[in-house]
Structures are given as structure tokens and as C-alpha cells.
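Please read the structure below before turning to the comments.
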Amino acid sequence: MFIKKVDIGHYALELRRIAAGYQTGETLPEVKKKVDSVIETLKTTLTSDAQIQVQKWGELADALSFYMKNTADPDWTTVMAYAKRKVNRSKQNAMFRRKRFKD
């Protein structure tokens with residue numbers, strides 16, 4: 001089942017919680033698996049409309065950029081940068097599908 005209303009703030013919060021977990025001693029492979037899980041959950045939640053996917057991935061990338069400060073802890077920025085790369089990759093894939101498979 002696909003949902004049109006997706007709370008991007010929830011996913012940003014989950015990614016922030018994961019980053020905080022890494023700051024408190026979790027291992028990087030565990031954290032990366034959790035980030036991948038959150039990203040995969042969002043992928044399954046989004047509709048199949050590439051335009052909506054591009055919009056939502058963009059919103060999440062912007063939300064993650066807001067939390068990337070140059071004064072942040074290096075562990076925090078490691079996780080947030082990883083998450084942002086994954087989000088941007090998903091956004092680029094949606095943009096490609098939108099261009100390639102226009103209705």
C-alpha cells in the first residue's frame with residue numbers, strides 16, 4: 001500500500017537518533033545498517049509517482065543538510081553524511097526514472 005502523505009520529519013528524526021547512537025558507542029556497520037533500513041522503509045512508503053519521490057527525497061536531503069554543521073561532532077557528521085549520500089542517490093534515481101519514463 002502506498003501513502004501520499006509522508007512525514008519527512010519522522011525520517012529525519014530517526015536518522016538523527018541513529019547518528020546519536022553512533023556518538024554513544026554503537027559500531028559503524030550497525031549504524032549503516034540502521035540508516036539503510038530507514039531509507040528502505042521510506043522507499044517502500046513512497047508512491048510509485050517519480051515526481052512525488054523526487055520531491056520527498058529532496059525534502060529529506062534538505063532536512064539532513066540543516067543538521068550538518070561544521071561544528072558538529074565528527075561521529076555525527078559521518079553518519080549524517082552517509083545518510084545524505086543515500087538520500088541523494090535515491091533522489092537521482094527517481095529523477096532518472098521521471099525523465100526516462102514520462103507518461
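The values are calculated or read from the model by the stated rules, or taken from the named source; none is laboratory data. Bear in mind the structure is a predicted one, so any value in this text is a computation, not a measurement. With ideal geometry, Cβ positions are generated from the backbone for all residues, glycine too; neighbour counts draw on all protein chains shown. The accessibility values were calculated without ligands, DNA or RNA, using every heavy atom of the protein model including side chains. Shrake-Rupley method; radii C 1.70, N 1.55, O 1.52, S 1.80 Å.
What the table below lists for this structure:
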item	result
Interchain or long-range residues, amide H under 5 Å from Leu46's placed H	none
Loop-located chymotrypsin sites (Phe, Trp or Tyr not before Pro) in region 1-48, at most 12 other Cβ atoms within 10 Å (DSSP)	Phe2
Length-normalised contact order of the chain in % [C-alpha pairs under 8 Å, at least 6 apart]	37
Which listed pairs, of Lys32/Lys99; Lys33/Lys56; Lys34/Lys99; Lys69/Lys99, have C-alpha distances above 26 Å, in listed order	Lys32/Lys99; Lys34/Lys99; Lys69/Lys99
Average accessible surface area per residue within region 38-103, 1.4 Å rolling probe, Å²	61
Whole-percent carbon and sulfur share, accessible surface of the chain, 1.4 Å	52
Size of electric dipole in region 8-101: Cβ of Lys, Arg +1 and of Asp, Glu -1, about Cα centre, debye, nearest 20	520
Long-range Cα-Cα pairs in the chain (distance over 17 Å), rounded percent	50
Prolate/oblate/rounded call for region 1-48, Cα gyration tensor, a/c under 1.5 rounded	oblate
